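Below: the structure, in C-alpha cells.
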Amino acid sequence: MKLLILGGTGFVSGRLARIALEGGHEVWTVTRGNRPMVPGAHGLTGDVHDAASLRAALAGAGVRWDAALDCICYTADTARTDLAVLPDFTSRLVVISTDSVYHPFFKRVPQDETGVYLHDGGYGSSKRQMEEVFLDAAAHGNGDFGWTIFRPGHIFGPGSQLGSYPEHTRQPDLIAHMRRGEPLRLVGGGKFLLHPIYVDDLCRAMLGCVDLPKARNEIFCIGGPEILTNAAYFETLGELLNTPVRIEEVTLEGYLAAHPQYSGHLCHRAYTLEKLRAAGIPLPQTSLRDGLKKQVDWLLAQAEK
C-alpha cells in the first residue's frame, strides 16, 4: 500500500512508519521538518494542523494514497482539517484517539465503545470533540471516504519513557528512582486497573484495519492481552530490574480535585475487545512483561550512548 502518516517522527508515528516499511509498504510522512526522518520514508514538509499548508504538501507529492494514518489528531479543528483536505488524496483514514474520552465517574469494567464522555475542556474532552467531528461527518455521508478511530490507553514500548500512573507517568529517571530504593507514590496504592498496549501491536492494528469493511466509520477500544493493576505494572518493572518495589499510597480523597489533569487515570482503564475481534482487526498479543523488557533494554542502551 501507499501510506501517508500525519506525523512520522514521534513515539507512535515513528514506530508506525518503521513497521509499515518492514511490511513492504511505501510510506510518506508529513512533519514540520524539525526531526530526523525515518529511513526509507518519503518526507513531506507541512503543518498538518493548517489546511492550506497540509494541502500544499500533499499536492506537491502527486500521489493518491491507499490510506492516511493520523497519530496527532488532538482537537475538533484538526479533525475538520483532515476532513477538508484528505478526501482529495485518499479514501481511507485511521486516527488515534484515547481512552481518556470517558468520564471517569461513569466507566464500566470492562468498558465498551459506548459511554459517558468528558466535556471539561481537558485532553480527553478535546479528543472526544475530535471524535464527534468524524461521527457527524459520517452521519451526513462521507461519500467514498471512510475513517477508523482507535482508543488506546497506556501505550508502551521502545521510544517512550516508563511509568503509567500519577505521579510517575513517563518519568525519565524512573529506573534510577527505583534502583535508589525510593518509593513509588501511587494514588489509592495503585489499585486501579490498567489495560496497556505495546506500541507495535497498536501499529499493526492500525495497518490491519485499512481493508476491513467492518472497521469503516467505527470507533474501537484497544488494549493488550492483559488487564492488571497499576501496582502490578510497577511490580513487573521491578522484577525486570531485579529491584524491590516500594509503594507509598497516596490518598485518593481530594486528589482529583487537586489534580484534574489526571482524571482519565484515576479510574479503572479496562476494555472489552469484542468489537475489535468482530471486525477482524489483529488483536494485540505482546504481554506487559515482554514489552517492558524491550522498553527497558532500549532505555538502558540509550543511557549508554
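The values are calculated or read from the model by the stated rules, or taken from the named source; none is laboratory data. In this text, all values refer to a predicted model and were calculated from it rather than measured experimentally. Virtual Cβ from ideal backbone geometry, glycine too; neighbours counted across all protein chains shown.
Worth pointing out:
- Selection status of Val38, buried (at least 16 other Cβ atoms within 10 Å of the Cβ), over 14 Å from Leu69 (Cα atoms), touching a helix residue (DSSP H, G or I) at 6+ places or on another chain (Cβ under 7 Å) and free of Cβ contacts under 8 Å to residues at least 60 places away in the same chain: yes
- Pick from segment 44-74, criterion surrounded by fewer than 17 Cβ atoms within 10 Å (Cβ to Cβ) and among the β-branched types (Val, Ile, Thr), ranking: farthest from Phe11 (Cα to Cα): Val63
- Residue pairs whose Cβ atoms lie under 9 Å apart, separated by 6 or more positions or on different chains, with the first residue in segment 251-271 and farther than 15 Å from Pro196 by Cβ and touching a residue at least 60 places away in the same chain (Cβ under 8 Å) and the second in a loop (DSSP other than H, G, I, E, B) and β-branched (Val, Ile, Thr), are Tyr262/Thr169.
- Inclusion of Leu58 among residues that are in a strand (DSSP E or B), closer than 21 Å to Ser91 by Cβ and hydrophobic (A, V, I, L, M, F, W, C) is not warranted.
- Scanning segment 27-43 for residues that are closer than 15 Å to Phe11 by Cβ and in a strand (DSSP E or B), we see that the one that is modelled with the lowest pLDDT is Thr31.
- Among the residues of segment 201-239, those that are under 14 Å from Ile281 (Cα atoms) and assigned to a helix (DSSP H, G or I) comprise Asp201, Leu202, Cys203, Arg204, Ala205, Met206, Leu207, Gly208, Pro213, Lys214, Ala215.
- Answer residue from segment 233-289, given it is among the polar types (S, T, N, Q) and within 23 Å of Asp200 (Cα to Cα) and is surrounded by the fewest Cβ atoms within 10 Å (Cβ to Cβ) among those: Gln285
- Count of segment 61-107 residues which are part of a loop (DSSP other than H, G, I, E, B) and among the charged types (D, E, K, R): 3
- Qualifying residue in segment 240-263 (condition: at pLDDT 95 or above and assigned to a helix (DSSP H, G or I)): yes
- Flag for Ser160 being modelled with pLDDT under 95 and part of a loop (DSSP other than H, G, I, E, B): no
- Residue within segment 169-184 that is buried (at least 20 other Cβ atoms within 10 Å of the Cβ), outside any helix (DSSP H, G or I) and either in contact with a Phe, Trp or Tyr (Cβ under 8 Å, 6 or more places away or on another chain) or touching a residue at least 40 places away in the same chain (Cβ under 8 Å) (or both) present: yes
- Scope segment 272-299; condition out of contact with any Phe, Trp or Tyr (no Cβ under 9 Å at 6 or more places or on another chain) and either in a loop (DSSP other than H, G, I, E, B) or within 19 Å of Leu193 (Cα to Cα) (or both); matching residues: Thr272, Glu274, Gly280, Pro282, Leu283, Arg289
- Test: residue in segment 81-89 that is closer than 30 Å to Arg269 by Cα, crowded, with 16+ Cβ neighbours inside 10 Å and in contact with a strand residue (DSSP E or B) (Cβ under 8 Å, 6 or more places away or on another chain): yes
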